[in-house]
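What follows is a set of notes on a single structure, which appears directly below.
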Amino acid sequence: MSHKLIVDCSTGVTTEVELTAEEIAQREADAVAFAEQKALDDAVTQAKADAKASAQAKLAALGLTADEIAALN
Amino acid sequence: MANTYEAIATVTVGSGGAADITFSSIPATYTDLIVKLSGRSTTSDADMYIAFNSNTSNYSRRVLRGNGSAASSTSGSDRYVGTIDSSGETASTFGNWEIYVPNYAGSNNKSYSIDSVEENNATQAFQYFIAGLWSNTSAITSLKLEFIAAGTFAQYSTATLYGIKNS
């Protein structure tokens, strides 16, 4: 996709404009940066889920029932 | 709907699609702004960014996300404003997205809040609640919605900018 839509609120007119080389480059750079941030976020989320599962398994090993473990959440 | 709620401009994407949508020359005559978007990406890329006044710096956000069985939260110093339907969702379905920008014409930093949902005839569909801040004191005169990567607004995606007056 190489064009964008601009709506002029003072006139209500919508124009279709080609993306500039700079805008295309910015999109590509944004995609790389966002993917890196998303990978970090996903890793944190997964680590939290893993820690929760580990804690629940240890509580179960101590004899707590599933209802008792759920009550701690 | 309050009688102080006015549609400023609407755009519907045509058959050629669009990489981004910008509302420009936003009048300073309202108190708050709302954009409502019914949107879909033609590709698997459906993560979106926002830009006020074409500025891409000094943004931060906190995201709460749920998919029907689990929830998570993230934060970051970027312009991320959620994800709408991609080519992976049920064909011809469109996600709903709304941003609220209070005091957009004032001289303080600009906060914004977003809620959105994907539409998908499947077990999983995400919903988002996002709190964002643009640390810039300029009055907002333009607002751009764009995909982060190679996303493209599909035909019939529609965005409407509303202005709200407090009296």
Sort out for me the strands (runs of 3 or more DSSP E) sitting completely within region B:98-167 that have 3 or more residues that are of a type in the set (Val, Ile, Thr) and more than 20 Å from B:Ile21 (Cα to Cα). none
Residue list for region B:43-60, filter: surrounded by fewer than 18 Cβ atoms within 10 Å (Cβ to Cβ) and at pLDDT 90 or above: B:Asn53, B:Ser54, B:Asn55, B:Thr56, B:Ser57, B:Asn58, B:Ser60
By residue number, the members of region A:1-46 that are of a type in the set (Asp, Glu), closer than 30 Å to B:Thr29 by Cβ and not in a helix (DSSP H, G or I) are A:Asp8, A:Glu16
Among the residues of region B:146-160, how many are touching a Leu at 6+ places or on another chain (Cβ under 9 Å) and either among the small types (Gly, Ala, Ser) or surrounded by 24 or more Cβ atoms within 10 Å (Cβ to Cβ) (or both)? 3
If I go through region B:136-167 residue by residue, how many of them are basic (Lys, Arg) and closer than 16 Å to B:Tyr5 by Cβ? 1
Count of region B:129-149 residues which are under 24 Å from A:Asp30 (Cα atoms) and within 14 Å of another protein chain (Cβ to nearest Cβ): 11
Only one of B:Ser87, B:Ser54 is more than 26 Å from B:Ala9 (Cβ to Cβ), within 14 Å of chain A (Cβ to nearest Cβ) and touching a residue at least 12 places away in the same chain (Cβ under 8 Å); which? B:Ser87
Of all the residues that make up region B:1-43, how many are more than 22 Å from A:Glu18 (Cα to Cα), over 15 Å from the mean Cα position of the chain (by Cα) and within 12 Å of chain A (Cβ to nearest Cβ)? 7
Has region B:116-128 got any residue that is within 14 Å of chain A (Cβ to nearest Cβ) and of a type outside the set (A, V, I, L, M)? yes
(1) under 18 Å from B:Thr43 (Cβ atoms); (2) away from every other protein chain (no Cβ under 11 Å): which one isn't true of A:Glu23, the others all being true? (2)
Sole exception among (1) within 23 Å of A:Lys4 (Cβ to Cβ); (2) within 17 Å of the chain's Cα centre (by Cα); (3) not aliphatic (A, V, I, L, M) for B:Phe126, by number: (1)
Being at pLDDT 95 or above, of a type in the set (A, V, I, L, M, F, W, C) and farther than 20 Å from B:Thr152 by Cα is the filter here, so list the residues in region B:83-125 that pass it. B:Val101, B:Ala105, B:Ile114
Every residue from region B:61-74 that is of a type in the set (S, T, N, Q) and surrounded by 15 or more Cβ atoms within 10 Å (Cβ to Cβ): B:Ser72, B:Thr74
Counting only residues in region B:81-112 that are of a type in the set (Gly, Ala, Ser) and buried (at least 16 other Cβ atoms within 10 Å of the Cβ), the one nearest to the chain's Cα centre (by Cα) is identified as B:Gly82
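The values are calculated or read from the model by the stated rules, or taken from the named source; none is laboratory data. Quantities reported herein were computed from a predicted structural model and do not represent experimental measurements. Glycine also receives a Cβ, built like all others from the backbone with ideal geometry; neighbour counts cover every protein chain displayed.
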